[in-house]
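Derivation of every value follows stated rules applied to the coordinates shown; laboratory data play no part. Quantities reported herein were computed from a predicted structural model and do not represent experimental measurements. A quick note on method: Cβ atoms are made from the backbone with ideal geometry, for glycine too, and the neighbour counts reach across all protein chains shown.
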Amino acid sequence: MIRSLLPVLLPALLLAACAEPRFYEQENPQRLSDWNLFRDEGSRFIPREQTLVFAPANPLFTDYAGKLRTMWLPAGEQADLVDGELEFPAGSILSKTFYYPTGADGLLLESVDQENELDRARHRMIETRLLVRREDGWHAMAYVWNEEQTEAFLRVAGASVPASLQRASGVTDFVYFVPNENQCAGCHVTVHPDGPLHPLGAVAGQLTAAAANPDGGRQSQLQAMQERGWLDAPPAQSAAASWENSRADLETRALAYMNIHCGHCHNPDGAADTSALVLDGNHRNPLELGVCKTPVAAGGGAGDLLYSIHPGAPERSILLYRMESSELDEMMPELGRSLAHDEGIALIRDWIAAMPGDCPEPVRAFGNG
Amino acid sequence: MFTDFRIALLFPIALTLAACGEPQPQLSFEESLQQQLIEAEPGDVIEIPAGTHELTRSLSLDVPGVKIRGEGMDRSILSFRNQLQGAEGLLVSADDFVIEDLAIEDTVGDALKINESNNVTVRRVRTEWTGGPLTTNGAYGIYPVQSSNILIDGSVAIGASDAGIYVGQSTQIIVRNSRAEYNVAGIEIENSTFADVYDNVATNNTGGILVFDLPNLPVQGGRNTRVFNNSIVDNNTANFAPEGNIVATVPAGSGLMVLANDNIEVFGNEFANNNSANMMIVSYHITGLPIEDENYDPFPESIHVHGNSFSGGGAEPDSEPLALLQQATGQAVPDVVWDGTILPGKTAPDVLCMRGNGDADFVNLDAPGGFAAPSFEIGPHDCSGAELPEVSLASGP
């Protein structure tokens with residue numbers, strides 16, 4: 001029986017073996033296809049079965065794009081747990097493909113469903129970002145898809161992609177920005193300026209939530225890693241709070257939102273520690289959050305307002321102003337979006353509106369201001 | 001385009017050929033410059049050729065030991081007038097950085113921001129908003145922050161809606177031979193220590209030179225700044241800073257303003273025709289803003305003003321208490337204005353010593369008393385203050 005099947009199975013096995021993702025220790029290849037992370041089947045763009053499709057519990061907003069994320073560890077390798085955090089082995093590759101569902105006339109649509117594969121007949125891919133774990137640490141790079149959707153090319157300096165997005169509120173023309181490698185570090189290096197580049201989604205707290213599991217929520221993504229032999233045992237870390245969790249209280253959701261959208265820079269060691277605003281979701285000291293705190297170097301970003309957070313008065317709060325703005329020198333986050341995130345704005349507005357207290361009215365003695 | 005794609009799918013062989021033969025995207029000047037900045041090695045010199053180069057996205061540099069060199073601040077111009085992305089023109093986080101002989105124009109936000117870098121030289125660089133002083137201009141021109149061993153030399157900053165040359169939360173600083181014009185603040189040293197500001201021209205700003213210490217910042221305790229041999233004249237441009245920023249409270253016509261900073265030596269400067277007052281020394285309390293920072297010292301102390309020349313100024317104060325003073329006296333506001341706020345237990349000479357400033361006049365505004373009893377007595381301040389040591393940078397340019 002076994003003998004008789006071999007001639008049939010062998011070529012298939014060989015093919016499968018050839019179809020491993022491929023790791024490059026030194027150079028970044030110019031084409032995404034060189035990494036062999038995906039296969040094409042007709043119009044379908046499918047992560048190879050050796051990869052694990054995952055989604056973080058507390059996702060980052062990127063201009064309403066969908067994100068198809070994959071994780072791959074080399075055969076026989078495992079992630080370690082260091083202080084409860086995943087430490088991927090050299091050779092690991094994380095990918096994130098940014099895409100939009102397509103509508104009539106080539107308009108892009110807001111991504112709603114978490115996809116486990118893409119279909120070029122229904123999706124337009126913009127870029128695929130890789131985080132590659134080499135001996136000396138993580139490396140970030142972005143591949144930009146060509147118009148024909150046949151290949152994505154390495155763009156060290158990023159790219160600007162004009163796009164039109166159709167949402168319930170209407171059609172918005174905008175420029176989607178693919179980050180350059182320094183801008184990747186802008187978020188993925190959280191200890192500024194000399195800290196290591198590290199993943200933000202493929203971390204223990206982000207992978208615990210079963211709800212985020214695209215396989216249907218029966219197992220956590222950490223358990224899926226364990227099943228593949230990529231992990232000895234899941235870490236004890238509790239699930240990251242998610243701003244999308246409508247059952248959580250306002251403050252928990254607001255802090256979770258800031259954790260993933262602000263905290264990469266606004267942490268005690270981050271690039272934005274110059275502002276003294278600590279918005280990493282782990283600090284609740286009112287002044288660190290910006291309650292009744294005057295701006296320092298906000299420029300036009302102050303929006304003619306006096307305080308970062310004015311309790312009970314979202315419309316007088318610089319934090320909300322900068323989330324609503326799409327002006328380059330005003331908007332926050334500075335990177336990663338061209339469009340305002342209506343759902344995030346609504347959350348932060350509700351949070352500030354419900355905040356007790358007030359800020360003093362300044363009595364300006366000197367300038368005529 | 002999707003129609004095209006489906007047609008392509010019918011011809012998989014052609015598609016494969018197309019994919020393999022697909023040329024790499026051609027790089028624009030902008031992309032190739034940014035790529036050079038990313039792939040630079042320590043010791044590299046990146047040349048900016050003469051010409052006006054249009055950029056749409058922020059540039060950034062993270063590699064130490066790199067020099068960016070143009071062919072002159074009026075010849076090699078990085079223009080961001082059509083900027084689409086990024087909060088600054090060039091963002092640098094890199095030690096041993098040199099930038100020279102080029103201009104950065106019309107950025108949407110800050111022109112040149114240098115964050116957490118040691119040993120920085122900005123030489124013969126111009127940052128400018130070419131449409132004149134507008135509220136919509138970016139905040140800072142030349143902007144090192146949380147950095148150390150900084151030399152800004154022979155540079156020009158024009159049109160910033162906050163400060164033209166702004167050094168914040170930094171230490172070991174020299175700003176010299178530079179020109180700041182039509183900014184809200186010409187040159188500002190904020191929450192910094194050990195700065196020498198000399199041989200500069202600050203003119204046509206709202207405030208010529210500001211030495212500030214502000215609360216709620218990770219680096220504070222601003223002190224030890226020498227401001228000498230500068231020309232601080234005609235800083236009378238109406239304040240065009242966006243409301244909410246601290247400099248929005250600076251009256252137009254401020255020559256030199258010291259706010260809550262300690263150990264400041266001011267000598268050999270030419271002050272002229274700054275129409276609120278040629279020089280002001282104020283406490284943070286003057287802003288009327290709340291102080292929620294227990295570690296913060298809002299009082300200026302040990303300000304030593306000697307051997308300066310003062311002329312004109314104080315004629316059209318852009319400040320209510322100064323305007324009231326002018327009305328009450330029928331005279332221009334005196335050359336040196338102190339708000340009179342003092343830490344209990346301290347005396348007038350602990351705050352301010354003045355000698356050898358020609359016929360400079362003085363007023364203590366009595367801000368703590370609601371400006372009710374201003375005093376023009378210069379006598380309490382006739383003392384010899386400390387002379388501060390020269391700033392030397394750890395590793396010279």
Assuming 0.36 nm per residue, please report the length gained on full extension of the stretch B:SER392 to B:ASP359 beyond their Cα-Cα distance. 8.6 nm
What is the local net charge at A:ILE352, summed over the other residues whose Cβ is closer than 10 Å to its Cβ (Lys, Arg +1; Asp, Glu -1)? 0
Going by Cα centres, the range B:358-372 and the range A:160-194 are how many Å apart? 53
Relative contact order for chain A: what is it in percent, counting Cα pairs under 8 Å that are at least 6 residues apart? 13
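Identify the GluC sites (Glu not before Pro) of the range A:56-142 meeting these criteria: DSSP loop state and at most 11 other C-beta atoms within 10 Å of the C-beta. Please list the in-between numbers first.
Numbers: sites: A:GLU77, A:GLU85, A:GLU87, A:GLU110, A:GLU115, A:GLU117, A:GLU127, A:GLU135; in loops: A:GLU77, A:GLU110, A:GLU115, A:GLU117, A:GLU135.
Passing both the DSSP loop test and the Cβ count: A:GLU135.
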Rounded to 10°, Cα long-axis angle of helix A:2-18 versus longest principal axis of chain A: 40
Let a ≥ b ≥ c be the square roots of the eigenvalues of the Cα gyration tensor of the protein assembly as shown; is it rounded (a/c under 1.5), or, if not, prolate (a/b larger than b/c) or oblate? prolate
Can you work out ³J(HN,Hα) from phi for every residue in the range B:40-50, in order, using Karplus 6.51 cos²θ - 1.76 cosθ + 1.60 and θ = phi - 60°, giving whole Hz and x for Gly and Pro? 4, 10, x, x, 5, 10, 9, 8, 10, x, 4
Need the list of aspartates and glutamates near A:LYS293 for cross-linking: C-alpha distance under 16 angstrom, and skip anything on the same chain fewer than eight residues off. A:ASP273, A:ASP304, A:GLU315, A:ASP358, A:GLU361, B:ASP213, B:GLU243, B:GLU292, B:ASP293, B:GLU294
Report, in whole Å, the centroid distance computed from the Cα atoms of the range A:83-117 and the range A:293-324. 33
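Counting Lys +1, Arg +1, Asp -1, Glu -1, what net charge surrounds A:ALA57 among other residues with beta carbon under 14 Å of its beta carbon?
Numbers: positive: A:LYS67, A:ARG69, A:ARG247, A:ARG253; negative: A:GLU244.
After counting each charged neighbour, the total is +3.
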With θ set to phi - 60° and the Karplus curve 6.51 cos²θ - 1.76 cosθ + 1.60, what are the ³J(HN,Hα) couplings of the range B:347-358 in order, to the nearest whole Hz, using x for Gly and Pro? 10, 3, x, 5, 8, 8, 10, 9, 8, x, 9, x
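Excluding B:GLU54 itself, calculate the net charge of residues whose Cβ lies under 12 Å from the Cβ of B:GLU54, where each Lys or Arg counts +1 and each Asp or Glu counts -1.
Working: positive: B:ARG57, B:ARG81; negative: B:GLU30, B:GLU105, B:ASP106.
Summing Lys/Arg as +1 and Asp/Glu as -1 gives -1.
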Put in order of increasing Cβ neighbours within 10 Å, starting from the fewest, A:LYS67, B:LYS346, B:LYS113 give B:LYS346, A:LYS67, B:LYS113
Give the aspartates and glutamates reachable from B:LYS67 as a straight Cα distance under 12 Å; neighbours fewer than 8 places away on the same chain don't count. B:GLU41, B:ASP44, B:GLU47, B:ASP95, B:ASP96, B:GLU100, B:ASP101
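Work out the mean other chain Cβ neighbour count within 10 Å for the residues of B:278-287 and drop it here as an integer. Before the final figure, lay out each step's value.
Values: counts 0, 0, 1, 0, 2, 0, 0, 2, 4, 8.
Taking the mean over all residues of the peptide, I get 2.
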Calculate one ³J(HN,Hα) per residue across the range A:337-344 by plugging θ = phi - 60° into the Karplus curve 6.51 cos²θ - 1.76 cosθ + 1.60, and present them in order as whole Hz with x for glycine and proline. 8, 10, 9, 6, 9, 4, 5, x
For B:GLU47, distant residues with modelled amide H under 5 Å away: B:ARG69
Length-normalised contact order for the range B:137-265 - Cα pairs under 8 Å, 6+ apart - percent: 21
Low-density loop positions, chymotrypsin sites (Phe, Trp or Tyr not before Pro), the range A:149-199 - DSSP coil, at most 10 other Cβ in 10 Å: none
Suppose a student asked you for the relative contact order of chain B, using Cα pairs under 8 Å spaced at least 6 residues apart; what percent would you report? 9
